[in-house]
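What follows is a short report on a single structure.
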Amino acid sequence: MTDADGAWQHLPMTGGFSRVPEEPAPTRWRLPSPNEADSHGLVGIGADLEPGTLLAGYRGGLFPMPFRKRQVGWWSPDPRGVLPLDGLKVSRSLRKSCAQFEVRVDTAFETVMRACADPQRPHGWINDDFVAAFCRLHQMGWAHSVEAWQDGQLVGGLYGVRIRRFFAGESMFHHVTDASKVALVGLVEQLREQGVMLLDVQWNTDHLASLGAIAIPRLDYLRRLVTATT
């Protein structure tokens, strides 16, 4: 982890990704290959959001997002955004912000998801079907939240899916400056401690790049994914 101002002190954290997940029934769908993606990264439309389908998608290099409101689109962009776990950029100001929050893991998963799904947020895409589907994954031990709390209030966080040494970051939110970044610091520390190899952030944005995310070719991503999930 890169610290702009000397040695990094670990962020105090409540909880962790300790539960052994429950393997669901396999999906009844044959999901397409990531290499079938169009120029926007869209691989296919359809299937469902059952736990077995979601896990098959992530294991196969895909991730779901709503398509035209009620359909499920499966995506595999090229290049793919990843955040190297030894490359998170923690600025001096962010390091100071970390002292202002309590970081918790998996204590408010649905609340985090619904905050990420706030329809007033620009480019919001998380609908009720996705909330219900990922809450099921959370109950089975696959989906997790990392939360930033301040004065007893949830003020930021993120959620995603973990499969062995792979974590797929899905979305984050903040109600207080730096709260989502602090949650990300907590996530990276948790994943590093547990030997996770690959943190997927889907598309690399300017915001994520400022935190250390990079874009890698799809083929490279898929190779890393196989190693991390087997």
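Some notes on this structure:
- In terms of the mean number of neighbouring beta-carbon atoms within 10 Å, the peptides 86-95, 184-193 order highest first as 184-193, 86-95.
- Per-residue HN-Hα couplings for region 130-147 [Karplus 6.51, -1.76, 1.60; θ = phi - 60°; Hz; x = Gly/Pro]: 5, 4, 4, 5, 6, 5, 5, 4, 5, 4, 8, x, 9, 9, 9, 10, 10, 10
- What the Cβ-Cβ distance of Asp151 and Ser91 gives, at R0 = 30 Å and to the nearest 0.05, is a FRET efficiency of 0.80.
- Principal axis dimensions, region 1-146 - Cα atoms, whole angstrom, descending: 49, 33, 33
- Calculated [θ] (222 nm, deg cm²/dmol) that DSSP helices of n ≥ 4 give over the chain, each run adding -39,500 (n - 2.57): -8500 deg cm²/dmol
- Simple point charges give the picture: +1 on the Cβ of Lys and Arg, -1 on the Cβ of Asp and Glu, and for region 34-75 a dipole about the Cα centre of about 160 debye.
- Vicinal HN-Hα couplings computed from phi for region 206-218 (Karplus, 6.51 cos²θ - 1.76 cosθ + 1.60; Hz; Gly/Pro x): 4, 4, 5, 4, 5, 9, x, 5, 10, 10, 10, x, 3
- Length released on extending from Val176 to Gln139, taking residue separation times 0.36 nm less the Cα-Cα span: 10.5 nm
- Environment charge of Val176, counting only residues whose C-beta is closer than 13 Å and scoring Lys/Arg +1, Asp/Glu -1: -3
- Qualifying chymotrypsin sites (Phe, Trp or Tyr not before Pro) in region 106-209, where qualification requires a DSSP coil assignment and no more than 16 other C-beta atoms within 10 Å, comprise Trp125, Trp203.
- Positive-end residue of Met65, Leu54, Gly44, charge dipole of region 34-75 with Cβ unit charges: Met65
- The Cβ shell under 12 Å around Val131 holds other residues with a net charge of -3, Lys and Arg each +1, Asp and Glu each -1.
- Protection proxy ranking of 219-226, 50-57, 23-30, 38-45, by the mean of other Cβ atoms within 10 Å over each peptide's residues and highest first, is 50-57, 219-226, 38-45, 23-30.
- Its residue count N sets the reference 2.2 N^0.38 Å, and the alpha-carbon radius of gyration of region 80-229 equals 0.99 times that reference.
- Rg and Dmax of region 34-75, both derived from C-alpha coordinates alone, stand at 9.7, 28 Å.
- Overall, the chain carries a charge dipole of about 340 debye about its Cα centre when +1 sits on the Cβ of Lys and Arg and -1 on the Cβ of Asp and Glu, all other atoms neutral.
- Inter-probe distance in nm under a simple model that places probes 7 Å from Cα toward Cβ, at Arg114 and Lys69: 2.3 nm
Where a number appears in this text, it was derived from the coordinates with a stated rule and is not lab data. Source: prediction; values computed, not measured. Don't worry about glycine lacking a Cβ; one is built from the backbone with ideal geometry, like all the others, and counts go over all protein chains shown.
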